[in-house]
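Below is one structure, written out as structure tokens; comments come after it.
The values are calculated or read from the model by the stated rules, or taken from the named source; none is laboratory data. Quick caveat: nothing in here was measured; it's all calculated off a predicted structure. Because the Cβ atoms are built from the backbone with ideal geometry, glycine has one as well, and the counts that use them run over all protein chains shown.
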Amino acid sequence: MHYRKFLSLAVALVIAISTFATASAETTKSSKSLETIEPLNLAVLIQDDLVPQVGNELGVTREFIRSLPAGSQVMVGYITSGSLQVRQPFTNDLEKAAKSLRIPVGSTSASPFNPYVEVIEALKKFKTDGSNANAILLISDGLDTSRGFDSTAAGHTLDINRAIAEANKRRISVFSFYAPSVGLTSHSRLAASYGQSSLNRLSNETGGRAFFQGTTGFVTFDSYFARLRETLNQQYARAR
């Protein structure tokens, strides 16, 4: 009787230790997930008319900024009403950059005709010298309605072409997260598909990657950031 009781307690203790060790390892792995990449100059651009749920993702976005390796510099800007509002110019104070994030306005009053003109403006704010890799994280619905809503031109408008050319000239990769706006992309699958096609082309042709999860609804950025970390670790790995 006493032996069985002792054996049961021993087994329970081993399981508990194993579970704790596994959890600790996962936490450590997560917190160090960007230690293998070289310092990065990153501009985080957020479209200001995205659905209110995007505001719930500020926490995970701040965590990502804080996880960048030492020596990185971050700029935070909002694409709003046809202009780029820079909330934080490039800084190596990652905490300051993380805290500069704000909840998007989430109103059609803040809608741009398209995000790509402001992407071009952001590209010009990167320094031409320095050894850091350069990248943009564009959080947007990707929809370009500057010349009307023409689904046959998805991903091939003048401003997208200009943004791609400018990014390649400056050797800046554009990574993009799709999120619907409170306008067309919340109500039209065609518009959402159009926007995603545009983001996909911009990212693919500048050495980045686009992340999206279907054309309806919005959940979280958790999977986006997990895949972005994996991509960055592969693309900008330090030589060891």
### Message
Please go through (1) touching a helix residue (DSSP H, G or I) at 6+ places or on another chain (Cβ under 9 Å); (2) buried (at least 24 other Cβ atoms within 10 Å of the Cβ) for Asp222 and return the number of the only condition it doesn't satisfy.
### Response
(2)
### Message
Which residue is surrounded by the most Cβ atoms within 10 Å (Cβ to Cβ), if the candidates are limited to the stretch 94-121 and must be aliphatic (A, V, I, L, M) and within 27 Å of Leu34 (Cβ to Cβ)?
### Response
Val119
### Query
When you scan the stretch 92-123, how many residues do you find that are outside any loop (DSSP other than H, G, I, E, B), without any contact (Cβ under 8 Å) to a residue 60 or more places away in the chain and β-branched (Val, Ile, Thr)?
2
### Query
Among the numbered criteria (1) farther than 13 Å from Asp49 by Cα; (2) touching an Asp or Glu at 6+ places or on another chain (Cβ under 6 Å); (3) not acidic (Asp, Glu), which single criterion is violated by Gln73?
(2)
### Long-range neighbours under 6 Å by Cβ, at least six apart or interchain, first residue among the hydroxyl-bearing types (Ser, Thr, Tyr) within the stretch 71-91, second not in a strand (DSSP E or B)
Ser72/Pro39; Tyr78/Asp48; Thr80/Asp48; Thr80/Ala110; Ser81/Ala110; Thr91/Ala97
### Query
Can you tell me which residue in the stretch 41-85 is surrounded by the most Cβ atoms within 10 Å (Cβ to Cβ), limited to those that are in a loop (DSSP other than H, G, I, E, B) and among the acidic types (Asp, Glu)?
Asp49
### Query
Can you name the residue in the stretch 194-218 that is out of contact with any helix residue (DSSP H, G or I) (no Cβ under 8 Å at 6 or more places or on another chain) and hydroxyl-bearing (Ser, Thr, Tyr) and is also farthest from Val119 (Cα to Cα) among such residues?
Ser197
### Query
Is it true that some residue in the stretch 131-154 is assigned to a helix (DSSP H, G or I), modelled with pLDDT of 90 or more and surrounded by 15 or more Cβ atoms within 10 Å (Cβ to Cβ)?
no
